[in-house]
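Chemist: Sharing a structure with you now.
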Amino acid sequence: MARLPLEGVRVIESSYVVAFPYAASLLTDLGAEVIKIEGTGHIDITRNLLLAGAYPDNNAGDDPWNRPHGYNILNHGKKSLTLDLSKEEGRAVLVDLIKVSDVFMENFTPRVMRRWELDYPNLKKIKPDIIMLSNTGYGYSDGPYSSYPGQATTLEGTHGLTAITGYRGGIPSKAGRSYVDFLAAWFGLFAIASALHYRNKTGKGQWIDLAMYQLGVYFTSE
């Protein structure tokens, strides 16, 4: 059988909700080994809140956190590891994993990664050819919104999409369910593919700063 294009690529993913969990699951379809990192005090909300959806046979079972269809659709094909990244010991295990991996995906706010010394300048010292993909609301800039968390639902208001969606003369409206999350997922996949291609040619890793606000603006046409 033909090999899948990303066989042999290991991805460490510490992300939540829709955008990057979905992107990372598509990487498994392409052959990558993806290890999802969650903390016991910070599990993915698609396990147990509104995004969880239905259970098989409408039965939550003895481990309901593992059975929601929403979580399993967004995280299919992955391995799972529990780490408390608020503790130094948890971060040390993550660093050990990154040393033997190709890609690190995360969607924490910039202040969190800098405080933990897990931002790209620090990870580059640990593994010079690492490819890091950061998904934030407003990017790692010096702008006034940079430290704010963001999600597709709120971002549609800040980048202006709600002003052109809905009925003429009506109130601002959402475009649909998590529209910008899917933009971030698809752009993240293209970014990882491009970064792997670049590394194969040069031996160098890189950091992709993927801000969902910018994607929303880009896709708000005239």
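Chemist: Scan segment 111-130 for residues that are open to solvent by less than 80 Å² (accessible area, probe 1.4 Å), in contact (Cβ under 8 Å) with a residue 60 or more places away in the chain and in a helix (DSSP H, G or I) and report the count.
Modeler: Counting residues in segment 111-130 that are open to solvent by less than 80 Å² (accessible area, probe 1.4 Å), in contact (Cβ under 8 Å) with a residue 60 or more places away in the chain and in a helix (DSSP H, G or I) gives 1.
Chemist: What residue, among those in segment 96-139 that are over 18 Å from the mean Cα position of the chain (by Cα) and among the aliphatic types (A, V, I, L, M), is modelled with the highest pLDDT?
Modeler: Selected residue: Val100.
Chemist: Follow-up question, since we're still on this one. Find the strands (runs of 3 or more DSSP E) located wholly in segment 7-90 whose residues include 2 or more that are in contact with a strand residue (DSSP E or B) (Cβ under 9 Å, 6 or more places away or on another chain), open to solvent by less than 70 Å² (accessible area, probe 1.4 Å) and of a type outside the set (Gly, Ala, Ser), and list them.
Modeler: 10-14, 33-38
Chemist: Continuing with this model, one more query. Which of the residues belonging to segment 207-222 are open to solvent by 60 Å² or more (accessible area, probe 1.4 Å) and of a type in the set (S, T, N, Q)?
Modeler: If the condition is that a residue be open to solvent by 60 Å² or more (accessible area, probe 1.4 Å) and of a type in the set (S, T, N, Q), then Gln214, Ser221 are the ones that fit.
Chemist: Now a separate question. Check off (1) crowded, with 20+ Cβ neighbours inside 10 Å; (2) out of contact with any strand residue (DSSP E or B) (no Cβ under 6 Å at 6 or more places or on another chain) for Gln151 and give me the number that stays unchecked.
Modeler: All conditions pass for Gln151, except number (1).
Chemist: Next up: Does any residue of segment 63-86 turn out to be among the acidic types (Asp, Glu) and at pLDDT below 90?
Modeler: There is at least one residue in segment 63-86 that is among the acidic types (Asp, Glu) and at pLDDT below 90.
Chemist: Go through the residues of segment 93-111 one by one and say whether even a single one is in contact with a helix residue (DSSP H, G or I) (Cβ under 9 Å, 6 or more places away or on another chain) and more than 28 Å from Leu6 (Cα to Cα).
Modeler: No, segment 93-111 contains no residue that is in contact with a helix residue (DSSP H, G or I) (Cβ under 9 Å, 6 or more places away or on another chain) and more than 28 Å from Leu6 (Cα to Cα).
The values are calculated or read from the model by the stated rules, or taken from the named source; none is laboratory data. The shown structure was predicted, so the numbers you read here are calculated from the model rather than taken from an experiment. All Cβ positions, even for glycine, are placed from backbone atoms using ideal geometry, and neighbour counts span all protein chains on display. These accessible areas exclude ligands, DNA and RNA; they are computed on the full protein's heavy atoms, side chains included. Shrake-Rupley method; radii C 1.70, N 1.55, O 1.52, S 1.80 Å.
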